[in-house]
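Heads up, the thing below is written out as structure tokens.
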Amino acid sequence: MTTTTPTVRSERSAAMRRTTGLTRANALLMLRNRLNLAYAFVLPLLPMAFLLFGDRGDVGAAGMALTSTVVMAVLFPVFYNVLSMTVTRRDELVLKRIRTGETRDLELLTSLALPGVVVAMIVGVVAIPLALALGAPMPVNPALFVLAVLVAALTFAVLAFWTAAWTKNAEAAQITSMPVILLALVGQVAVSFPEEVRRWADLTPGAAITDLVRSSWLGLEGTSTDPTLDFGSTWAAAGQPLLVLAAWAALGVWLTARSMRWEPRS
Amino acid sequence: MATTAPTPARPPAPPADREPALEVHELRRSYGTGDAAFEAVRGVDLTVERGTIVALLGTNGAGKTSTMEVIEGLAAPSAGSVRVFGLDPITDRAEVRRRTGVVLQESGFSGDLTVMETLVMEAATVTDPRPVAEVLALVDLDHRAGTRVLSLSGGERRRLDLACALLCRPELLMLDEPTTGLDPESRRRVWDLIRGLRADGNAVLLTTHYLEEAEELADRIAIMHAGRIVREGTIAEVVAHQPSTVRYVTPDGETTTLETDDLQTTLTELLSWAAENDVRLDRLDARSASLESTFLALAQAPEGDLR
């Protein structure tokens, strides 16, 4: 039987208190920036408009709308927002100052990522009734859809920290964000690539998100346009794309740990 | 029968609360590697006892901030050791951070948070924080609690820095140029606050460019130059190495400067000589060695002369 000592428990609760306090402040700052807020909530839901142009239950329109929504949700509230918050707080010397106190680096990074991840989850959850109202078919595995949003959001948060490590300042983030944005978008167009190229493109996080959304909601396997997967088989189909996202997240953690900078270059 | 000489009992270790607040031994810090390596801190020894204030002085680039960053646990030393209450700031991070407060050389705040929001956030990261209202009153920012940080003056931001450092009731406070940008009145208020902390038995290590600040506050002074501490002691001890000066203009218009280690005797002899010879000493000026003259002499000395 394992027991948790009071010291470990109190250290855990202290870590939780520090992370929550910092997250609350970061969320407040995010909410105060109206443009940021619009980008975070409105932009990801705009692709839902694709559903207005197809027949009710049209798998093609639903696939396009839902994958675009999830990709936008992990790009704007998560990736770009976390990247810009991290670089801005570093430029403001906030990160350096907070690191002189009891807060640990992991808590500091978690507090920067959490507001964006929570917004992405809200967008993912709101997308379900919205898509149904706009005529999308019933999701085959809604739990897997929500899990896909969560794993994708965490992966892109980690990629944001890695990008921040080599981004000089907030202005430079507009350029340095491009590689990850391309990795996210390539999945949307990969269907039209030749087979040999598509096999490589399937290893990008964007393609993994597309596969997960198509299988979890529409029951589509690979590039097929006929729904063939039932609830149980969607879990099996999710294995490879979830592994791809986990591998990108692990790579991002490793690169971030090696290269993170906590204060501006002098 | 074989006998064994009794093993002398080891002297008991000093109680933990008698450890100096800070002990730095042979500290070195280098940047870069190979041919591009630069050693900013070159073997610093420094002790700060509890209930004392130590001022670390030096010109720009002397290595003060590099030294402070290692003491604060923000960077690892290239060589040597730092002990805060007998603990290593990196391996015993949690315990050290609970007992130390830090004010960095430059303020680091999000401009869109208010003063109160900043301190509430900060308090959430501290194990046993003082009440925020108490800290606001301590640094005289209670009337600005609802103001966004971007609207604060430079001096008010500095006081907010200090407020954040005081939240954890620090036993050792490390202040990197804490009064830069403050008006004279605010500066004196901060000095009173620092003196109050010392009176409560806490230790303070501060760097400053204001020699007056060091003279007002510090029990001991360490002067850094080119990565080394070149003088350390009380103000009297630090200036003792520096000669006093007597300057006057003779009737033929020549300015004469005398340097002496015994100002009273030299001055008495000079005035006696002038009286006996009926010589008028115009613009007579006698000065004891001061911290400023000592600091300037050390800062201008070639590096090799100070080893």
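The values are calculated or read from the model by the stated rules, or taken from the named source; none is laboratory data. Computed from a predicted structure; not experimentally measured. So basically every Cβ, Gly included, is an ideal-geometry build from the backbone, and we count neighbours across all protein chains shown.
At a glance:
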read-out	value
Contacts under 8 angstrom Cβ, first residue in region B:236-261 being under 17 Å from B:Leu284 (Cα atoms), partner assigned to a helix (DSSP H, G or I) and modelled with pLDDT under 90, 6 or more apart	B:Ser244/B:Leu263; B:Thr245/B:Ser293; B:Val246/B:Leu263
Residues of region A:34-51 classified as among the hydrophobic types (A, V, I, L, M, F, W, C), crowded, with 19+ Cβ neighbours inside 10 Å, over 24 Å from B:Asp112 (Cα atoms) and in contact (Cβ under 8 Å) with a residue 60 or more places away in the chain, total	2
Condition broken by B:Cys164, with the remaining ones in (1) within 30 Å of B:Ala297 (Cβ to Cβ); (2) out of contact with any strand residue (DSSP E or B) (no Cβ under 6 Å at 6 or more places or on another chain) satisfied	(1)
Region B:34-44: number of residues that are at positive phi and not in a strand (DSSP E or B)	1
Some residue of region B:110-119 being acidic (Asp, Glu), at the interface with chain A (Cβ under 10 Å from one of its Cβ atoms) and assigned to a loop (DSSP other than H, G, I, E, B)	yes
Members of region A:222-252 found to be surrounded by fewer than 16 Cβ atoms within 10 Å (Cβ to Cβ) and within 20 Å of the chain's Cα centre (by Cα), listed by number	A:Gly239, A:Gln240, A:Leu243, A:Ala246, A:Ala247, A:Ala250, A:Leu251
Residue match in region A:226-238 (condition: in contact with a Gly (Cβ under 7 Å, 6 or more places away or on another chain), β-branched (Val, Ile, Thr) and assigned to a helix (DSSP H, G or I))	yes
Residue ID - farthest from the other protein chains (Cβ to nearest Cβ), chosen from residues in region B:120-132 that are over 17 Å from A:Leu108 (Cα atoms) and in contact with a helix residue (DSSP H, G or I) (Cβ under 6 Å, 6 or more places away or on another chain)	B:Val132
Failed condition for B:Val190, given (1) farther than 17 Å from B:Ala62 by Cβ; (2) under 13 Å from the mean Cα position of the chain (by Cα)	(2)
Subset tally (residues that are among the acidic types (Asp, Glu) and free of Cβ contacts under 8 Å to residues at least 12 places away in the same chain) for region B:263-307	4
Residue that is surrounded by the fewest Cβ atoms within 10 Å (Cβ to Cβ) [pool: residues in region B:133-158 that are in a loop (DSSP other than H, G, I, E, B), more than 14 Å from chain A (Cβ to nearest Cβ) and hydrophobic (A, V, I, L, M, F, W, C)]	B:Ala145
Count - residues of region B:45-81 that are within 16 Å of the chain's Cα centre (by Cα), in a strand (DSSP E or B) and aliphatic (A, V, I, L, M)	7
Of all residues in region B:68-109 being small (Gly, Ala, Ser) and within 9 Å of another protein chain (Cβ to nearest Cβ), the one that is farthest from A:Arg99 (Cα to Cα)	B:Ser107
Among residues of region A:1-60, those that are more than 14 Å from chain B (Cβ to nearest Cβ), of a type in the set (Ser, Thr, Tyr) and part of a helix (DSSP H, G or I), counted	1
In region A:186-201, residue modelled with the lowest pLDDT [restricted to those that are surrounded by fewer than 16 Cβ atoms within 10 Å (Cβ to Cβ) and of a type outside the set (Lys, Arg)]	A:Val191
Among the residues listed as A:Val146, A:Val151, the single one being free of Cβ contacts under 8 Å to residues at least 40 places away in the same chain and of a type outside the set (Ser, Thr, Tyr)	A:Val146
Matching residues in region B:208-260 - criterion: being over 23 Å from B:Gly61 (Cα atoms), within 13 Å of the chain's Cα centre (by Cα) and among the hydroxyl-bearing types (Ser, Thr, Tyr)	B:Thr234
